[in-house]
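The values are calculated or read from the model by the stated rules, or taken from the named source; none is laboratory data. None of these values were measured; they are calculated from a predicted model. When we count neighbours, we look across all protein chains shown, and the Cβ atoms used for this are built from the backbone with ideal geometry, even at glycine. Heads up: the accessible areas ignore ligands, DNA and RNA and are worked out on the full protein's heavy atoms, side chains in. Shrake-Rupley method; radii C 1.70, N 1.55, O 1.52, S 1.80 Å.
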Amino acid sequence: MTAFANAASTTPLLRTLVLCDLADSTALTERLGDRDAADLFRRHDRLVRDLLPHHAGREIDKTDGFLLVFERPVQAVAFALAYQRQLAELAAERKLPLAARVGIHFGDVVVWENDRDDVERGAKPTEVEGLVKPVTARLAQLALPGQILLSGTAYDIAHRAQGELGAQLGNVRWLAHGRYRFKGVPDPVPVFEVGEEGIAPLKPPPWSSKAHREVPFWRRPAMLAAELGLLAVAIAVPAIYLLKPAPAIAFANRDWVVVGDLKNLTGESKFDESLQTAFRIGLEQSRYVNVMSDLKARETLKLMQRDPDKTPIDRGVGAEIALRDSARALILPTVAEIGGRVRVTAEVIDPKSQATVYSESADGIGEDSVLPSLDKVNQQLRVRLGEALATTSTESRPLEKVATKNLDALRAYSMGLRAYNRNDMEEAAQMFRQALNLDPEFALARLGLARIATSAGRTAEAIQELDAAMMFRQNLAPKEALFVEAMRANYDQPLAALNKWKMLTKLYPDFLSAKSAYAYFVWQQANRYDEAIENAEAAISPHNANGTASRYLLGTLYLGNERYEDALQQFKEVNAVPGTPVMFYAAAHAAQRQFSRVGSLLSQESRTSTDTVPTRFRASIAMDRGDWIEARDVLRRASSLTGNTPEAKVLLDLPDFSLASLAGRSAKLSDTGRTLLNGIRALPANAGDGDGAQQKFFAAALAYLAARIDDVELAHAALSVASSRANDPGYPVVAGMTNIAKAELSRAEHQPSIAIAALSKQIDGTELYVAHVALMDAYAANGEASKAMDEAKWLARRRGRAYSEFGMEWVMMPFNVAQSDLALLRQSELATASGQGELSQRLLREFVNVWPNGQKLPFVASTAKHD
């Protein structure tokens, strides 16, 4: 018994049915004769049956064709593609016109196994019944020879899983052929085609007596004939003009559209900006249609060497943008006054021919009718593009509910968006505030102000605007409401925020800003590199207006996984854009010890007095070259500058303490540590710092460093500041650093086995780099030299992680980088302790090559001399 059926079951099951029908089999029999034809058909049947196990399919029936069942639509598609490919090869081999029609449908079926006695009397082993079966048959009958047709349901599920097609995917094309009426089937069925170029017809199937494409009444063949007859009597019009078919677009789920500039023919100026934005907001509620952002359109205009502020996106310009950015259609909205009524129209344009494929319109009386008309047109468009009517009704809300019904407020908001997109934040803020003056409940305007405050680092202001937006979240579309919630949670509930960002990426797979945000925050706040990479890779779509930032992020993430060539490729692509940061580009070279490239890259980057991250990076580079004194001088010089904030002082003094700790405990260092702890305690509680999460991370890091040099008293004091959130799941990196500090304290208190048990629980790929330093020391203290050696090897190998790990403002970067080098020396020590003298000497030579002047350092000289 398989997973497909149960002997006694009549419960409907969701299954995929496939019908394969060899075209013109009777003609083949007449051509070949009975014997040769039978041999060919046996070969064909063996081909099908050999393929089935590879795609988890099962044969149900075999008459003129095969009826097959699969659990998932993508399995059926993979089978059908392989079947058509091998059938084409067989046709070439036999020099015969072999081709098959294939239909695929997904839905509820009833499957049961016949009794053994019935099977012995000639019954099929398995029976399948349900409406899915006749629809599958109708799809196969409709198909052209060599064609694979799917229902809309099967297409939606299979297309989402198309990555599972593997190597075939590069040649596969998906086409939409519209909605068809099948004889005996009550509702129209959306019909799609999947096939490989050179094998499949990849064109609409012809109509027949049992299937025809759903078209308006007046365009059906009978009506056209009647109209032509009447017109021939009335007026001589060339028949070719009347019979010319309307163009069509094969639009698929999640395809992209460009929205052109709205043409205002009413003379009413308040419609100029407001309706353009309203139309876009309405269309963006769809999860079926993706709307290219205005910012992306501006970028493409620049590539076309046109001024975005002076170039209207009309039919010609919009079509070129769509072709350049692989958008499937251009939509041109218009508002006009006709016969005393205000009419809203939207044309769908084929970018290749610039022909109007179809248009939708709605009208009403007066200004108050315009937004409802826009809603109606948007819904009609989405249905015409293939979205289910039920979806457009349940997943969309009226424009006045997700924006504002005040057109003057909407116009001010629209002008604010344009200013924001050209990076004029002052004017954008003024326009958003004016929109709020006209409608205080306009939540999108609040979101605009929050974005401006966030980009400027004004945390308290950003939180205030996000809180205000959440008060009126009922005035936001579901996507924007969830976006606001994620932004707000980001400030004091990181784990909750990550869950919301993740939900956004799942619900709206092409919401590229959410993909990029999730990648960024899941890296910084949870140290989950693989998950971050997956989303960052998706975010570098050509449709992303912020593609440069996403590429830089992806390069940084690749660096953290030691994918150096991939990282450098991303950095090279973005380095040509003026103002792009270069720190991690340089780090990708430094991690490979290519220091000659580091200096030239860093010379490109402007340095600001308020940003301490580049200082920590320069200290890390000095440390990586074995110049411990210079590394500390870099940090101390920056710390001594006047005007440093308390936070900046800690961000410079803590990494300096971490490097000083490499030399071991001293009375002076302990005093420095107590002074540093006082500075950490005195840090102000910044808005959005999540109840002092940053302060607690710094305290935990200090506790770890103090314990590492066996200053137990200082470690306990620092840990008391950090411990209040040690197990708070909302702060993964804070909890991680605190637990590492506790484990190191156990080691310092001569309980290495407890340290090992605590640290081992953290090792899951998301642990902080320093967890492996602590685990190496604990294993060594516990006499487990082999396991300590494994940790030292990990540290030496994961140099990209040492440079890229955020932790909290990269405060541990210099220490981590130093440990990636000192791990070579530590391996030499461990090899000596294990009696592996030759290995010890080789590792020592490798370390000396990395730090040629390292033996001048007291904490290196003693070990090197001993070895």
Can you give the relative contact order of segment 460-499 as a percent, counting alpha carbon pairs under 8 Å and 6+ residues apart?
34 percent
For peptides 41-53, 104-116, sequence by mean Cβ density within 10 Å, most packed first
104-116, 41-53
Neighbour net charge for R343 - beta-carbon separation under 14 angstrom, K R +1, D E -1
-3
So for the pair L131, T645, with labels modelled 7 Å out along Cα→Cβ, what separation do we get in nm?
6.2 nm
Among A519, P852, L822, pick out the residue whose Cα is farthest towards the positive end of the charge dipole of the chain, where Lys and Arg carry +1 and Asp and Glu carry -1 on C-beta, about the Cα centre.
P852
Rounding to the nearest 10 and keeping the result within 0 to 90°, find how far the Cα-based axis of helix 221-234 lies from the longest principal axis of the chain.
60 degrees
Just to make sure I understand: if all protein chains stay in place, what is the order of D36, D118 by accessible area at 1.4 Å, largest first?
D36, D118
With n ≥ 4 as the cut-off for DSSP H runs, can you work out [θ] at 222 nm for the chain, using -39500 (n - 2.57) per run divided by the number of residues, rounded to the nearest 500?
-17500 deg cm²/dmol
Which of the aspartates and glutamates could a cross-linker span from K742 if the Cα-Cα distance has to be under 17 Å and same-chain partners fewer than 8 positions apart are dropped?
D710, D711, E713, D728, E767, D777
When Lys and Arg each count +1 and Asp and Glu each count -1, what net charge do the other residues less than 9 Å away from G103, Cβ to Cβ, add up to?
+1
Rounded to the nearest 5, the percent of DSSP beta bridges in the chain running antiparallel is 85 percent
Can you list the lysines whose alpha carbon is less than 22 Å from that of K793, not counting same-chain residues fewer than 8 positions off?
K761, K865
Leaving out same-chain residues fewer than 8 places away, which lysines sit with a Cα under 19 Å from that of K124?
K62, K133
If one compares the long axis through the Cα atoms of helix 529-539 with the longest principal axis of the Cα atoms of the chain, the angle in degrees, nearest 10, works out at 40 degrees
Over the chain, what relative contact order in percent results from Cα pairs under 8 Å that are six or more residues apart?
6 percent
Quick one: 3J(HN,Hα) in Hz for segment 488-498, Karplus 6.51/-1.76/1.60 with θ = phi - 60°, rounded, Gly and Pro as x.
5, 5, 4, 7, 9, 9, x, 5, 4, 4, 4
In whole Å, what is the distance between the alpha-carbon centres of segment 295-367 and segment 420-490?
28 Å
Modelled label-to-label distance, I338 and F595, 7 Å Cα→beta-carbon offset: nm?
7.4 nm
Quick one: if the Förster radius is 41 Å, what FRET efficiency do E461 and D108 give, using the C-beta to C-beta distance and rounding to 0.05?
0.15
Among bridges DSSP assigns within segment 63-197, what percent are antiparallel (round to 5)?
80 percent
Going residue by residue through segment 461-470, the Karplus relation 6.51 cos²θ - 1.76 cosθ + 1.60 with θ = phi - 60° gives ³J(HN,Hα) values, rounded to whole Hz and with x marking Gly or Pro, of 5, 4, 5, 4, 5, 5, 4, 5, 5, 5
Estimated FRET transfer efficiency (A355, K506; beta-carbon r; R0 45 Å; 0.05):
0.75
Can you check what the net charge comes to around R528, using other residues whose Cβ is under 15 Å from the Cβ of R528 (Lys, Arg +1; Asp, Glu -1)?
-4
I629 and S269 label points (each 7 Å along its Cα→Cβ direction) are spaced in nm at 7.2 nm
Whole-Hz Karplus couplings 3J(HN,Hα) for segment 24-31, θ = phi - 60° and coefficients 6.51, -1.76, 1.60, Gly and Pro as x, run 6, 5, 5, 5, 5, 5, 4, 6
Under the 0.36 nm per residue contour assumption, what length would be gained going from the current alpha-carbon distance of M471 and L47 to full extension?
146.3 nm
